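Derivation of every value follows stated rules applied to the coordinates shown; laboratory data play no part. Here the structure is a predicted model, which is why all the values come from computation and not from measurement. Heads up, the Cβs are rebuilt from the backbone with ideal geometry, glycines too, and the neighbour counts pull from every protein chain shown.
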Amino acid sequence: MGQSTFMVEMMEVADILKNATSNSLVVLDEIGRGTSTYDGLSIAWAVATFMADKEKCGAKTLFATHYHELTKLEEMLEGVKNYSVAVKEKGEDVIFLRKIVAGGTDESYGIHVAKLAGVPKEVLKNAKEILKTLERKSMLGEKRLEQKEEKSQKEGQLSMYNFKLAEIAHELDKININELTPIDAMNILVRLKETAS
């Protein structure tokens with residue numbers, strides 16, 4: 001009908017947000033996937049926050065996403081719980097256990113799925129190199145790289161200082177100063193101080 005898949009998705013999301021109530025069961029899958037990463041993450045975050053807010057909606061919601069950052073909502077919003085698909089890593093191979101477990105994940109397995117689907121080795125190798133480059137350039141990627149390096153170091157000597165700075169910088173980057181109320185600013189300062197300590 002002349003609409004992009006992203007526009008159709010957003011129209012469906014708009015309909016859900018306008019009509020869902022605390023008596024609704026809503027299933028959302030990969031909200032925000034048809035636009036840039038930060039655009040999509042922002043939309044997904046705002047939709048999840050709206051759904052969890054008992055005064056605005058409060059619908060029982062299953063929200064499937066690959067945005068690792070959304071796992072923070074469990075700490076920030078009442079009633080939000082993270083679950084993920086269990087996997088077993090064996091060297092560079094990944095086995096999907098087809099079991100849902102409590103907790104979020106800080107890993108993505110898209111390249112592994114591409115391998116299982118039969119994507120040529122040359123393309124997979126190139127994708128891994130591109131991923132490393134993108135992760136190095138991205139603050140969010142730096143955070144994930146630090147977490148991976150921490151796992152691999154026996155004595156955990158990697159400084160948490162850089163990790164916390166990256167997290168604080170990401171948090172500050174999301175803030176629109178022109179829209180902050182004084183109480184919002186105070187709450188953000190308290191949260192950033194807790195992150196830094």
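For ALA169 and ASP29, what does the FRET efficiency come to when R0 = 25 Å and r is the distance between their Cβ atoms, rounded to the nearest 0.05? Can you show the working numbers first?
Numbers: r = 30 Å, r/R0 = 1.21.
Efficiency at R0 = 25 Å is approximately 0.25.
Comparing LYS121, LYS132, LYS72 in a Gaussian network model of the chain, where Cα atoms under 10 Å apart are tied by springs, the biggest mean-square fluctuation is seen for LYS121.
Karplus-derived 3J(HN,Hα) values for region 37-49, using 6.51 cos²θ - 1.76 cosθ + 1.60 with θ = phi - 60°, are 4, 5, 4, x, 4, 4, 5, 4, 4, 5, 5, 4, 5 Hz; glycine and proline are entered as x. Once backbone amide H atoms are built at 1.01 Å from N, LYS60 has SER24, VAL26 as its partners under 5 Å, excluding neighbours fewer than 5 places away on the same chain. Per-residue Karplus couplings for region 66-83, computed as 6.51 cos²θ - 1.76 cosθ + 1.60 with θ equal to phi - 60°, are listed in order as 9, 7, 4, 4, 5, 5, 5, 4, 4, 7, 9, 10, 5, x, 8, 10, 9, 9 Hz, Gly and Pro entered as x. Amide hydrogen proximity for THR65: with H placed 1.01 Å from N in the peptide plane, the residues at 5 or more positions away or on another chain lying under 5 Å are GLU30. Taking GLU171, GLU92, GLU12 as the candidate residues, the one with maximal mean-square fluctuation in a Gaussian network model of the chain, Cα springs under 10 Å, is GLU92.
Label-to-label distance for ALA102 and LYS18 is 3.9 nm, based on points extended 7 Å past Cα in the beta-carbon direction.
Amide H contacts of TYR83 (H built 1.01 Å from N, in plane; Pro and chain starts excluded): GLY103 sit under 5 Å, all sequence-distant by 5 or more or on other chains.
The phi torsions of region 188-194, fed into the Karplus equation with coefficients 6.51, -1.76 and 1.60 and a -60° offset, translate into couplings of 5, 4, 4, 5, 5, 5, 5 Hz, rounded to whole numbers, with Gly and Pro shown as x. Each label point was placed 7 Å from the Cα along the Cα-to-Cβ direction; for HIS66 and LYS90 their separation is 2.4 nm. Comparing ILE100, ILE175, ILE183 in a Gaussian network model of the chain where C-alpha atoms under 10 Å apart are linked, the largest mean-square fluctuation is found at ILE183.
Step through the table entries LYS90/LYS128; LYS54/LYS174; LYS60/LYS81; LYS88/LYS115; LYS54/LYS81; LYS115/LYS137, compare each Cα-Cα distance with 20 Å, and write down the pairs that go over it.
Details: LYS90/LYS128 17 Å; LYS54/LYS174 24 Å; LYS60/LYS81 11 Å; LYS88/LYS115 16 Å; LYS54/LYS81 15 Å; LYS115/LYS137 25 Å.
Long pairs (Cα-Cα over 20 Å): LYS54/LYS174; LYS115/LYS137.
Against the set [x] 17.1; [y] 19.3; [z] 18.3, the structure's computed Kirkwood radius over Cα pairs in Å falls on [y].
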